[in-house]
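The values are calculated or read from the model by the stated rules, or taken from the named source; none is laboratory data. Keep in mind it's a predicted model, so treat the numbers as computed, not measured. Positions of Cβ are generated from backbone atoms using ideal geometry, with glycine treated the same way; all protein chains shown enter the neighbour counts.
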Amino acid sequence: MEKVSSELRRTQLLPKLNEHLERGRGFLRSGKLREARTEVDAALGLDSRHESAQRLFAEVEAAAARVQEVDQKLRLTKQRLAEGALTEAATALGQALDLDSANPQGQELRRQIEEERNRREKRKKAQRSPASGKDPLDGAELRRMSEGSFRRTSGVPHEPELLKLQEMARHDLEDLQKQRQLGEVRKLLGQQEFARARKIIDALADIASARTRP
């Protein structure tokens with residue numbers, strides 16, 4: 001009688017259990033994991049040994065773990081992008097998109113990384129010497145060029161080419177220093193060091209203002 005009663009109860013609960021499972025599968029397909037988990041818990045509450053309910057529970061748990069990992073990778077991507085570390089940002093983003101290729105936030109971050117790469121490439125091309133096609137000189141070399149050209153032109157006021165070379169070297173040095181400071185600002189913003197980042201931005205603004213004054 002006990003076995004018969006148990007089987008009868010199970011048969012009576014089966015339609016309700018299947019309703020919970022069907023709704024749970026629908027929520028899982030649409031990415032509503034919290035609702036899916038609620039329906040699975042309700043099904044297991046009716047029959048904790050039901051195989052379909054147990055399988056769906058495992059699927060919901062795996063999906064939740066995947067979403068959490070994607071979120072972590074996307075946060076890392078944003079942090080590396082704010083620091084200006086494009087290679088590390090692209091690596092973290094690739095790992096996130098491997099888990100969820102259609103993630104909207106991931107697609108937007110991909111667009112931002114590509115835009116930043118294009119900006120850097122354009123800036124790099126613009127700074128290259130048109131005569132040699134070589135990369136721009138580093139800060140120390142630019143400084144030596146500027147100082148050397150100044151010494152050569154200090155006693156020769158009618159050397160326009162040397163004066164032009166000195167002016168170009170000075171501007172290139174200022175631009176290189178500005179890029180390095182902007183990189184430091186991105187890094188500080190990624191670390192939420194807003195006060196220090198603001199000081200650098202204010203200093204850059206003062207320099208820009210001084211250059212535009214007559």
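Scanning region 46-86 for residues that are modelled with pLDDT under 90 and loosely packed, with under 15 Cβ neighbours inside 10 Å returns Ser48, Arg49. Hey, among Thr77, Thr87, which residue is touching a residue at least 24 places away in the same chain (Cβ under 8 Å) and either aliphatic (A, V, I, L, M) or not assigned by TED's automatic domain parsing to the domain that holds Gln191 (or both)? It is Thr77. Taking first residues from region 100-116 that are closer than 15 Å to Gly84 by Cβ and partners that are among the charged types (D, E, K, R), the Cβ contacts under 8 Å between residues at least 6 apart in sequence or on separate chains come to Leu109/Lys78. Just one of the listed residues (Arg110, Arg120, Arg37) is loosely packed, with under 15 Cβ neighbours inside 10 Å and of a type in the set (Lys, Arg), and it is Arg120.
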